[in-house]
Every structure is written in structure tokens, then in C-alpha cells.
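Readers should treat all values here as calculations from the given coordinates under stated rules, not as data from a laboratory. Note that the structure is a prediction, hence the values are computed from the model and not measured. Cβ atoms come from the backbone with ideal geometry, glycine included; neighbour counts cover every protein chain shown.
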């Protein structure tokens, strides 16, 4: 227990920042999912306390994620609009994730190239900036990069026509304060290092909101430009916002299909976020991925049982956690505790926080993820690194997170296949006798190489002597072996002497 609190001074300020970032995200994702607003809050609490406690990730933060919003919306409709029926699918998804963790499937993300992971981080950074701009200038809509719905570019269409001076003023002052706090104030005075800049920005935003309400500033904020946490009038009303699954839906086959889809997509998104978060960790610690799947499974079981959305590890909250100094998983756990305490004790006060202030905090996070210097660095690594990186960035911004990652991964696979096609074998001709040929097969020869090998074998002239050497080959595809067998069988008709070396080759060739 003492080890958990070793970094308390760093984790507490970071948890406060993540708390302020998480609350509107939880509400916005619940809205986008067609679920009760409080279900997003429940998922945020569970993601912080339950998953944070069970996880081995030192800096990852879990909660509801937009990657599942469209799936949740469709699943609820499939189940006849039954929220309690959907909660059964969430519980089952958690059980499947537990099974995946015990089955050792946590290493899936390690098969994604680093260029794709860096592209994912950069794309998310740009997505944060694009999707927070409407809130920074006072346009109502989804509340974060993790919200579902339209693509990022679609949200920019009418921004300039609908700007609210009140929101622009708050976001501009908040941004200036955040930049000044990090670059000039904190390095020069201890007092500014003790207080996190985002907390100062939130306090400033609340003050400006109060001055506008009183008329001291000749602008005003609309209700949809402020945080909107459900306010319960009594304990029973608060407890009434929780829900329990209707297990009679276990008789329906579509519940199991929905659960499987939720488990697979939530697990992939979590593991990719784990990989990205570990890369951002200043201490370069490695998260045990199988334990992470188990923790996510436990979190989804608990969230489903008490009426919450499905949870995953999410990069926006995780990157904000890292950017503002967290050192251990205590920060993620405390942010969950803060959500719970504040929705019980001070929901009305939280509802005075302008969304423009929270947007300015996320704009800073987005810029840190998508710095122009990273594009230059990836370009200097060569096109084989830059192409998957750029494809991932463009794919995420133009479509969504999972599709963008898929596009970047596909580009990386094409590059790998290109390498595979280029060097399936080497051909040597003896200088003393051009009729002697030695074909040295590569370590791995797949069916993709059979066209090149066949063309080379056909180009060998009559009366030649050929050595086919597979002694260094670890894998030779059956199709290639078949070509070699056919070449040997027909060689005598062309007076070609064929000698095959290598125990790895099919015994029929010897």
C-alpha cells in the first residue's frame, strides 16, 4: 500500500486534470451511444477505481470510449431499445475478456508496427484538436475526440458562422494561461509548480462564467456550453440512476453476438492504447497485457452489473494523465474516486465549468501528441516508415480510430510483402563456367515468391548444371516445393542436371 502512494504529489494533480477531462467525455459518449447520461459517469467511475486498481498499467486510464459508441447505439436498437438487455451483453463481454486474458491473447498489439502506433498517437492528437475546436468557439455538439457520430472534417463545416464570443474569450484566456503556466510561470516559481495549470484554467473559466452570469462581462454562455452532470435531489433519486441487467435476455442469441463484438473491439482498442501509452511513459515501463485484458474484463462485468457503458483504456485521458505528470496508477484510481465524490456532493458546481475551458486543455494535449517535429522525424526515417505513419494519420482523421489503424496496418503489410517479393532467392553463376548455376533460397519462401522462382528456373538454358540450396531456409511454402519438384522432373528432357541441398526441403526432392 505504501508503494502505491509513493508518487502521491505527482499523481494527485494529474488525477484532477484527468477528472476534469473525463467528466464531459463520459457524458458526451453516453449521449452519442443513445444510453442514459449517468451510464457514462458509472463507466468513468468503474474505469478509474475497478480497472485502475486491477490493471498493471502504470499510466493508462480507462472509461467509456467512442470507438464503441456506434456499436452500443446499434446494439441497443437491435435489442428493442432495452438498456437492461444491453447490460447483459456488457457483462458477457467482460467474461469473454477475462477468458482472453487467461488464454494469453494480450500480445496482439505487439504485431502492429511502431510507425502505425506513432501514427495512431499523432492522428488522435489531430483529432482532438479538430473535435475540440467547436467547443473552444462555442459550437454545441459532441464533446471529445472519443465521441461518436460524424467524421472530424464534417464537424468543421459551419464553425466560423456559429462562433460564440463568450466561448472564444474563455478558451483564448485559458490557452494563454496554460501556455504561460508551463513555459514561464512553473519554471520560475515553486507555487506555480504545486498547482497544475489545468486546474488554474478551470478556476479561471468558472470565474469568467460567473462574471458573465452577473453581467460584469457583456457576454453569456448557453446551457450547452457548460458541463452537464445529472443532479439528483435525494439519495433515492441518485441510486435510481443505476440499473441492473435483465438476465432474461440470455435466451436471445443476438445478445451473445453483441457481447462477442464488444469484447473483440474493446480488447483491440485497449491493447493498442496500452502500446501507445507505454511509448509515452517517461520511465518506459511495460504493461502486462494479459493482466490488462483481465482488468478490462472485470471492469466491464462490474460496469454492466450496475448500469454503466462498456469500458476500454482510452488514449485521450491516458495522454492527459501523462502530460500532466502522473507517475503511477494511483492517478487513474483517484480520478475515479473524484468523479464518484463530485457527482454525489457538488454536481451543481461542476455544471458551472465552461466546455471551452476543457477544450483548451485538450487542445494542449492534442498539440503535444501531434507536434510538427514528429512528422519531420518520421520523414527522415524513410518512406517505409513514413508511408504507414502518414496513412494511419490520414485514415484516423478522415474516418475513425479503428479504420485508420487498419489503413496504416494495411500499408505496412504491403511494404512487408514488397520486401518478401524482392528477395526470395539469390542466383550465382560460376565465373569459370556460365553453365553452372546455384540458387540459394531465402530463409522464408512463400507462395508469393513462386512466380519469380518459376521465371528464373525457366530462364536456365539447356545442358546446364543447377544446384538448388535450401539449407538456410526455415520455411518453404508447398507451392514453391511443387515448382521445384516439377522442374527436377522435367530437367532431364532439357539435359539439365539438378542437385538439391537442404534437409528442410520436401524429401521427394532428394
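Would any residue of region 259-295 have its amide N under 17 Å from a label point 7 Å out along Cα→Cβ of residue 416? List them or say none.
272
Send over the Kirkwood Rh of the chain, from the inverse of the averaged 1/r over different Cα pairs, rounded to one decimal Å.
On the way: mean 1/r = 0.0393 Å⁻¹.
So the Kirkwood estimate lands at 25.4 Å.
Between residue 495 and residue 162, 0.36 nm times their residue separation minus their Cα-Cα distance comes to what? All intermediate terms of the calculation are to be shown ahead of the outcome.
On the way: separation 333, 0.36 × 333 = 119.88 nm, distance 8.24 nm.
Roughly 111.6 nm would be gained on extension.
Cα centroids of region 79-143 and region 165-242: how far apart, whole angstrom?
After rounding, the separation between the Cα centres reads 27 Å.
First measure r as the distance between the Cβ atoms of residue 195 and residue 446, then evaluate 1/(1 + (r/R0)^6) with R0 = 60 Å and state the FRET efficiency to the nearest 0.05.
Details: r = 59 Å, r/R0 = 0.98.
My answer for the efficiency is 0.55.
Under a crude label model (7 Å from the Cα following the beta-carbon direction), how far is residue 254 from residue 465 in nanometres?
Between residue 254 and residue 465, the simple spin-label model gives 7.4 nm.
Quick check: the angle from helix 114-136's long axis to the longest principal axis of the chain, C-alpha only, nearest 10 degrees?
Tilt of helix 114-136: around 30 degrees.
Please work out how much length the chain gains when fully extended from residue 246 to residue 73, using 0.36 nm per residue of separation minus the C-alpha to C-alpha distance, in nm with one decimal. Mind dumping the intermediate values first?
Details: separation 173, 0.36 × 173 = 62.28 nm, distance 1.79 nm.
Additional length available on full extension: 60.5 nm.
Calculate the FRET efficiency for residue 337 and residue 377 from the Cβ-Cβ distance with a Förster distance of 35 Å, rounded to the nearest 0.05. The partial results should precede the final answer.
Numbers: r = 38 Å, r/R0 = 1.10.
My answer for the efficiency is 0.35.
Describe numerically, in nm with one decimal, the distance between label points set 7 Å from Cα along Cα→Cβ at residue 207 and at residue 222.
Simple spin-label model gives 2.8 nm for this pair.
Once you have the Cα-Cα distance between residue 285 and residue 458, take 0.36 nm times their residue separation minus that, and quote the gain in nm to one decimal. List each step's numbers first, then the result.
Numbers: separation 173, 0.36 × 173 = 62.28 nm, distance 5.37 nm.
Here the answer is 56.9 nm.
Could you tell me how many degrees, from 0 to 90 and to the nearest 10, lie between the Cα long axis of helix 8-32 and the main elongation axis, the longest principal axis, of the Cα atoms of the chain?
90
Distance in nm between label sites at residue 237 and residue 367, each 7 Å beyond Cα in the beta-carbon direction?
Simple spin-label model gives 4.2 nm for this pair.
Output the 0 to 90 degree angle, nearest 10, between the alpha-carbon long axis of helix 37-46 and the longest principal axis computed from the alpha carbons of the chain.
It works out to around 70 degrees.
Could you tell me how far the Cα centroid of region 461-479 sits from the Cα centroid of region 260-295, in Å?
43
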